[in-house]
Amino acid sequence: MVRIAVDLNRCQGYAQCAFLAPEVFAMHGEEGLLYDPDVDEAQREKLARAAAACPVQAILVDAVDAVDVADAGDTPAEAVSGAR
Amino acid sequence: MPGDGSLEQLKREGRIVVVGASLAGLRAAEALREKGFAGSLTLIGDEPHEPYDRPPLSKQVLLGRARAERTALPRLRAVDATWRLGVAATGLDLADGRVRLADGDEVPYDRLLIATGVRARPWPHEAEAELDGVFVLRGRDDSAALARRLDAGPERVLVVGAGFTGSEIASACRERGLAVTVVERGAAPLVGALGGVVGAVAAEMQREHGVDLRCGAMVTALEGDAAGRVRAARLSDGSVVETDVVVVSLGATRNTEWLAGSGLGAGPRGIACDAGCRAFDIRGIVTDDIYAAGDVARCPHPLFGYQFLSLEHWGNAVTQAGIAAHNMLSASADRLPHMEVPAFWSAQFGVNIKSVGVPSLGTEILITQGSLKEHRFVGVYGYQGRVIGAVAFDQARWLPFYQELIESTAPFPPPFATVDRRPDGQRPLDADFPDPSVPTHGPTVTVSGYSPADRRMTFTPAH
């Protein structure tokens, strides 16, 4: 999975992301944006295109593959792999 | 210290501890590594989860479009830290430079960043708060539990408090077709943050979307059935609302109790810092090794006469984290002040609400573009003849322009001839904020005077 966040202070509702990666981003109302914060690996390419196309560069995408923290609230299997 | 090599030594082999493993803590840790800190880094968090993003918790998650467990923040770079998650910090020894943990451990530091944030203010009646079906919404677990309950299709959801969080919850419930009652002690939703003129628009939006909105009323008691499930709420106007889910959205409390007695300038209003995020001690002397960032910090802001300002805003947490990280590793002449103009957003009832500056300091409002009736407008707030804040309903692209007016302390009413002035915007109106001595549910900005050691409370629930 790829983790993302959108800086909605920056976002101005240009909707480029919703065109380029509709499985991840959707407009909600005229200029609101809803997104899936945990994106399926299969969407990685589309996600990269959407992030690059954002006119205000508001989309933050995981830059780190192997995560150095075990989420103590999750299953041990996930904790051991240390990555999602 | 600068010049004697101690800064280089700190960067090479120092010990930096970050208390608070959420947005500010994570971004600060990343910034420290980015700036070449090669020593040991420890992140301490009371929740067992790795850092996650909160805005989706009251929006996507409640709409069923994302899972609360899947909101971890993206990592901008590796932090190579020791993580102490699921264990709260319980004390601070300033003289020895140690953080005490709930499990008895002590973690020594050369530099400390405090980013412990806020928590939801609970329902004040403890036995009622424990009824099954009574929720607050602040963390990942809160959101997951509430989303599960909404999935089960409750008969009616009662939201107590119509600040931003309460209003977003009501919006999500209506979108899912659930019956919703909102009870707000103020005259309108969002009135504490945006005033009565804009609050009236927020009230219209709620009612048009089928919310049973009760303003000027308080919930005086929650009643449970024999099995301990909430079944009704009693209101101050004598009415009773039957409900099986109650979400208490009465704002937040700063997580500073663990610092009591430490000697740090920390209290219910937050941790007093200088403009560079360095914390004050209770004597009003700034420390040089302890910093604060995010919701828990209160910093003097140049735009507001250097009064201390606390901000419960996502962008503020990110910026202060960067400032604190930079200043920790810098000689005094290289340090940076936190000068960013406050900004926040909210999405509710299909409308994108964004704001810059501090509307709640304004006394007047001028609708400069669009119209209140259409729920699509920009309102500019004036304070002592200057522009102090702006709010946009579905007009986000204009806000950078208004931010410039705030940064340049432009006169109010703004002198430009607007491109789109409607009857609403012919002259400034009283912004109609509630008397500041009357608390409201959701103020996300608090101006708290000049005293670094001020420990007075600003909010006293009357429940």
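The values are calculated or read from the model by the stated rules, or taken from the named source; none is laboratory data. All values derive from a computational prediction rather than experimental measurement. Counting neighbours? That spans all protein chains shown, and the Cβs are built from the backbone with ideal geometry, glycine included.
Some values worked out for this structure:
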read-out	value
Selection count, the range A:37-49, where residues are closer than 19 Å to B:Arg70 by Cα, within 14 Å of chain B (Cβ to nearest Cβ) and in a helix (DSSP H, G or I)	4
Failed item in (1) away from every other protein chain (no Cβ under 11 Å); (2) over 19 Å from A:Ala5 (Cβ atoms); (3) touching a helix residue (DSSP H, G or I) at 6+ places or on another chain (Cβ under 8 Å), with B:Asp105 passing the rest	(3)
Residues within the range A:8-36 that are charged (D, E, K, R) and facing chain B (nearest Cβ under 7 Å), tallied	3
Test set (1) assigned to a helix (DSSP H, G or I); (2) at pLDDT below 95 - B:Thr253 fails condition number	(1)
Residues of the range B:125-146 satisfying the condition of being in contact (Cβ under 8 Å) with a residue 24 or more places away in the chain, of a type in the set (A, V, I, L, M, F, W, C) and touching a strand residue (DSSP E or B) at 6+ places or on another chain (Cβ under 8 Å)	B:Ala129, B:Leu131, B:Val134, B:Phe135, B:Val136, B:Leu137, B:Leu146
Output for the range B:89-138, where each listed residue is of a type in the set (D, E, K, R), within 27 Å of B:Ser330 (Cα to Cα) and not in a loop (DSSP other than H, G, I, E, B)	B:Asp93, B:Arg98, B:Arg100, B:Glu106, B:Arg111
Every residue from the range A:50-61 that is more than 13 Å from chain B (Cβ to nearest Cβ) and surrounded by 14 or more Cβ atoms within 10 Å (Cβ to Cβ)	A:Ala50, A:Ala53, A:Cys54
Scan of the range B:210-241 for residues that are under 18 Å from B:Ser171 (Cβ atoms) and either assigned by TED's automatic domain parsing to the domain that holds B:Val391 or crowded, with 16+ Cβ neighbours inside 10 Å (or both), ordered by number	B:Val211, B:Leu213, B:Arg214, B:Cys215
Condition broken by B:Glu374, with the remaining ones in (1) part of a loop (DSSP other than H, G, I, E, B); (2) within 14 Å of chain A (Cβ to nearest Cβ); (3) in contact with a Leu (Cβ under 6 Å, 6 or more places away or on another chain) satisfied	(3)
Candidates B:Val380, B:Val391 - the one that is away from chain A (no Cβ under 14 Å) and at pLDDT 95 or above	B:Val380
So B:Leu73, is it surrounded by 17 or more Cβ atoms within 10 Å (Cβ to Cβ) and either facing chain A (nearest Cβ under 7 Å) or touching a Leu at 6+ places or on another chain (Cβ under 6 Å) (or both)	yes
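Conditions tested, residue by residue: (1) within 11 Å of chain A (Cβ to nearest Cβ); (2) over 26 Å from A:Val24 (Cβ atoms); (3) in contact with a helix residue (DSSP H, G or I) (Cβ under 7 Å, 6 or more places away or on another chain).
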| position | (1), (2), (3) |
| --- | --- |
| B:Val17 | no, yes, no |
| B:Arg27 | yes, no, yes |
| B:Lys35 | no, yes, yes |
| B:Pro55 | yes, no, yes |
| B:Arg67 | yes, no, no |
